[in-house]
Amino acid sequence: MKINQTAGRCILACVLVFLLVQIYYLSCYIIPAKLQEPWEELAALYLVQSVFAAACICAVFFIQLWERMRRDAKSPVASLLLVNGEGKIKKEVPLQGRHSFAITGKKNGREIFVETSQVLEPDRALYGTCNLVHGRWYLEAAASNRPMGLKRECDNVIYRLKKEMPYPLSDSDVIYADTYKIVLIKNKTAPGGNANGSDPL
């Protein structure tokens with residue numbers, strides 16, 4: 001799919017370059033030459049058609065760029081479920097419209113919190129932070145002795161996270177902080193409107 005998209009963009013780019021050269025040649029050499037009546041009208045018609053086609057191709061590129069920027073700014077994860085050690089859901093945190101969140105816990109206890117505020121409360125200790133970068137969430141464990149783990153969908157192993165190292169998250173990963181786990185709930189459709197999140201061209 002990606003190869004087809006790249007090929008389509010290359011073809012459009014080549015056509016755009018051809019049209020720009022044609023517009024330049026018609027406007028700078030052919031039309032100023034003051035040809036006879038039929039040829040002058042034909043050159044003007046070709047010029048109008050070339051400008052219109054070039055404008056359409058530029059519009060396609062601008063729309064694709066806007067869609068990519070919109071997709072990169074949108075979270076592929078709809079929300080988080082904070083589950084305690086007994087398997088009870090303590091909180092659901094929506095992520096649409098958010099670009100970061102922090103995983104914290106009580107300094108004198110084992111209760112875990114998911115906070116969207118950048119300012120931590122005095123009685124909280126930081127476990128890790130998550131940031132949305134180009135449409136993907138990255139988890140980074142804080143430089144502390146608070147344990148954090150990550151379980152991938154394809155593995156039955158919980159990996160302990162290294163401190164201050166960003167880990168890319170998929171919508172089926174599970175984050176572990178102390179005795180709590182954080183389950184990611186993915187969007188029904190991928191950002192951009194397509195099921196696979198790909199560009200239309």
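Accessible surface calculations at 1.4 Å, restricted to protein heavy atoms, place the chain at 63 Å² per residue. Rounded to the nearest whole angstrom, the semi-axes of the ellipsoid equivalent to segment 80-173, taken from the Cα gyration tensor as √(5λ), stand at 19, 17, 15, largest first. Each residue was assigned an accessible area with a 1.4 Å probe, and for S170 the value is about 40 Å². Counting every C-alpha pair in segment 26-140, the share spaced more than 21 angstrom apart comes to 62%.
Report summary: the helix-based calculation at 222 nm, which adds -39500 (n - 2.57) for every DSSP H run with n ≥ 4 and divides by the residues of the chain, gives -11000 deg cm²/dmol.
For the set K106/K181; K91/K163; K88/K186; K91/K151, the pairs lying more than 24 angstrom apart at their alpha carbons are K91/K163. Please compute the contact order of the chain in relative form: average sequence separation of alpha-carbon pairs under 8 Å and at least six residues apart, divided by the residue count, as a percent. After rounding, I find 19 percent. Diagonalising the gyration tensor over the Cα atoms of the chain and scaling each eigenvalue by 5 before taking the square root yields semi-axes of 56, 16, 13 Å, largest first. In plain terms, the chain is cut at each of the GluC sites (Glu not before Pro) found in a DSSP loop with at most 11 other Cβ atoms within 10 Å, and the longest leftover piece is 1-85. Rolling a 1.4 Å probe over the protein chains gives M165 an accessible area of about 80 Å². Shown in residue order for segment 157-164 are the 3J(HN,Hα) couplings computed by the Karplus curve 6.51 cos²θ - 1.76 cosθ + 1.60 at θ = phi - 60°: 10, 9, 8, 6, 7, 6, 5, 6 Hz (x for Gly and Pro). V77 sits with roughly 10 Å² accessible to a 1.4 Å probe, with DNA, RNA and ligands left out of the calculation. Ranked from largest to smallest solvent-accessible area, with a 1.4 Å probe on the protein heavy atoms, S117, S144 come out as S117, S144.
Charge dipole of the chain (Cα centre as origin; +1 on each Lys and Arg Cβ, -1 on each Asp and Glu Cβ, all else neutral): 920 debye, rounded to the nearest 20.
Remark: spin-label model distance L126-Y46 equals 6.4 nm, labels positioned 7 Å along the Cα→Cβ axis. Tell me, what % of the accessible area of segment 77-153 is carbon and sulfur with a 1.4 angstrom probe? The nonpolar share, carbon plus sulfur, comes to 48 percent.
The values are calculated or read from the model by the stated rules, or taken from the named source; none is laboratory data. Quick caveat: nothing in here was measured; it's all calculated off a predicted structure. So basically every Cβ, Gly included, is an ideal-geometry build from the backbone, and we count neighbours across all protein chains shown. We work out accessible area using only protein heavy atoms, side chains counted, and drop any ligands, DNA or RNA first. Shrake-Rupley method; radii C 1.70, N 1.55, O 1.52, S 1.80 Å.
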